[in-house]
């Protein structure tokens, strides 16, 4: 009989203060998929400084006359950093959209065209790259206290202010970041 994984899809992963991987220090990740085959998510609190959404749409030849809201691009994770993913509210769904709770993930040019026309989802964020884990890898990292998880919050995921998302995610668990020790067995 195969061990089944309790899916954390739709949850926010919160990096613990002792996270050693520099790519994920103080990261908050929306987990899009989590099963026996592995896990995939998008970092929601890191911005790419050298490109904006209008610039990216222009490079893709997509008109942006109807673009609404902030035009930042997120660093979604270290895997396939040249590939775009749109994490968005579930009011916009295409054939290839993955709906995860009250949010959805779409990785097509059609959603970018809709956003450029002002006809896309109510809330969205574009990320380049994603965070990925092989079978059992995320579960092992969680058992080693690398990550905490909390139900996703649309405000934390989509709010324009990224500087305090890590602290806000921890606060959902009732945790003060200063109270977390980086050393096991020490308070």
Exercise. For residue 52 and residue 68 in one chain, what is 0.36 nm times their gap in residues minus the Cα-Cα distance, to one decimal in nm?
Worked result: 4.5 nm
Problem set entry | nm² value of the averaged projected area, convex hull over the Cα atoms of segment 11-179 | 9.6
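Once you have the Cα-Cα distance between residue 145 and residue 99, take 0.36 nm times their residue separation minus that, and quote the gain in nm to one decimal. Walk me through the numbers on the way to the answer.
Numbers: separation 46, 0.36 × 46 = 16.56 nm, distance 2.82 nm.
Length gained between residue 145 and residue 99: 13.7 nm.
Show me the ranking of peptides 25-31, 62-68 by mean Cβ neighbours inside 10 Å, starting with the highest.
Top to bottom by mean Cβ count within 10 Å: 25-31, 62-68.
Where a number appears in this text, it was derived from the coordinates with a stated rule and is not lab data. Because the structure is a prediction, the values reported are computed rather than measured. A quick note on method: Cβ atoms are made from the backbone with ideal geometry, for glycine too, and the neighbour counts reach across all protein chains shown.
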